[in-house]
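Accompanying notes for the structure given below.
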Amino acid sequence: MKKLNEAIKQQTIILEILASGNMLTTAKSKCIKESVQRLLDILTDEISDKRTPLASQTQLFSEVAASSSGSRHLKVANTGIAAKSPSPAVIIYPCKDSGISSSEATQATLQAAINPTKIGAKVIGLKKVSNNGLVIFTNSIIDCELIAKCNEINLAKLNVVFPKKRWPKIIVKYVPRDVPDDRIMKILIEDFGTDVSNNIKFSHLAGSREGPTCHRVYSTSPALRKKLVNQGRCFIDWNSCRIDDYISVLKCSRCCNFGHSIKYCKEEKPNCSHCASSGHLVSNCPSTSNPPKCFNCTITNKPSNHMTRINQCPELKNQLTIMINKTDYGY
Ligand SMILES: [Zn+2]
Ligand SMILES: [Zn+2]
Ligand SMILES: [Zn+2]
């Protein structure tokens, strides 16, 4: 902001000098235009600086705190995302000797075996998942237990599994790039105790790919995440490295969908992140002079008059909320 204020002062002086005198020459107009452009560039820089975390499809949450109502409700303070508990669910998988080879067959077998109304369970919806599985979303954990207790499901060679939430991720920022992982582990164990070794797992590097430092992302147990984020820093050699929550949503740069990267894209055609049309990438978009239209908000019927990759995107916020709900913060 300081940079911006100084630039405004400087550019205002230039404009005042140019405006003095009677004639507005071509040279003067050019200077005024350049001066205004410079202000716009600085302003754009300032804004994009603030957008950096989400522009790369990652979001840092310095506070993922339990709301006053406690329990499993989370409030993500600096994003305005109030994450609710997800619908309780159970997953049905076929046994190995069942001969079932699709989620559709699992669903047909399940529906022939039980009737939710007859066992007193309220089912909200079904969703196919990998390994021929089927998720049953219900109204309450009691409904899930009623389904899990049904012997008919086992007799139909199906298994009931309660979904596990994933470990939260944390990011350690500006770690010297040449420090090996086992040394960082030793430093963390000295700072945070011996339970570090079994409760943390390196995930990936983030931030710039070059330069003397990098950001390191780890999965941790909920208890260790709390310790690390509360302390907020670890000290590696001459560096004080900030520790923060890390929440990211994978987004495919080819089809714009969430949940996979370009390497695993199975969509037939690419989708454009500028005009939301199918069949071309943004690099070949014929409509770049038109206002942008967000691909993900268009298909989910949300306000879509923005670029597909901006951090104010309602559907991106929705996906981040889903990710938070799938994560075990220990609340
Ligand atoms: Zn894709
Ligand atoms: Zn396009
Ligand atoms: Zn959007």
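The values are calculated or read from the model by the stated rules, or taken from the named source; none is laboratory data. A quick note: this is a predicted structure, and the numbers were derived from the prediction, not measured. Because the Cβ atoms are built from the backbone with ideal geometry, glycine has one as well, and the counts that use them run over all protein chains shown. Side chains included, ligands, DNA and RNA excluded: accessible areas come from the protein's heavy atoms. Shrake-Rupley method; radii C 1.70, N 1.55, O 1.52, S 1.80 Å.
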Farthest toward positive dipole pole in segment 188-331 [+1 Lys/Arg, -1 Asp/Glu at C-beta], among 207, 312, 300:
300
In terms of modelled amide H atoms, which long-range or inter-chain residues lie less than 5 Å from the amide H of residue 277?
272
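Among 276-287, 99-110, how do they line up by average Cβ neighbours within 10 Å per residue, starting with the highest? Walk me through the intermediate numbers first.
On the way: 276-287: 14.5, 99-110: 16.4.
So the order, starting with the most tightly packed, is 99-110, 276-287.
Between residue 97 and residue 145, what FRET efficiency follows from the Cβ-Cβ distance if R0 is 22 Å, with the result rounded to 0.05?
Numbers: r = 26 Å, r/R0 = 1.18.
Efficiency for this residue pair is about 0.25.
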Pairs of Cα atoms under 8 Å, at least six residues apart: use those to get the relative contact order of segment 196-331, whole percent.
14
XL table 169/326; 251/317; 251/293; 201/226; 186/227; 118/149; Cα-Cα > 19 Å flagged, in table order, is none
Estimated vicinal HN-Hα couplings, Hz - segment 248-265 in sequence order (Karplus 6.51, -1.76, 1.60; Gly, Pro = x)
9, 10, 5, 9, 7, 7, 8, 9, 6, 6, 8, x, 8, 9, 4, 4, 10, 5
Restricting to DSSP loop positions (anything but H, G, I, E, B) with no more than 11 other Cβ atoms inside 10 Å of their own Cβ, which GluC sites (Glu not before Pro) remain in segment 200-300?
210, 268
Using amide H atoms built 1.01 Å from N in the peptide plane, name the residues 5+ places from residue 159, or on other chains, whose amide H lies under 5 Å from its own.
93, 95
Per-residue ³J(HN,Hα) for segment 87-99, Karplus 6.51 cos²θ - 1.76 cosθ + 1.60, θ = phi - 60°, Hz, x for Gly and Pro
4, x, 8, 10, 10, 9, 10, x, 5, 4, 8, 7, x
Amide H neighbours of residue 330 under 5 Å, counting only residues 5+ apart in sequence or on other chains, H built in-plane at 1.01 Å?
none
Pop out the ³J(HN,Hα) list for segment 270-283 in order, Karplus 6.51 cos²θ - 1.76 cosθ + 1.60 with θ = phi - 60°, rounded to Hz; leave Gly and Pro as x.
x, 10, 8, 7, 9, 10, 6, 7, 9, x, 8, 8, 4, 5
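What are the trypsin sites (Lys or Arg not before Pro) within segment 189-224 that DSSP puts in a loop, where the Cβ has at most 14 other Cβ atoms within 10 Å? Numbers along the way, then the final one.
Numbers: sites: 201, 209, 216; in loops: 209.
Those satisfying the criteria are 209.
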Quick check: at a probe of 1.4 Å, how many percent of the accessible area of segment 262-308 sits on carbon and sulfur atoms?
51
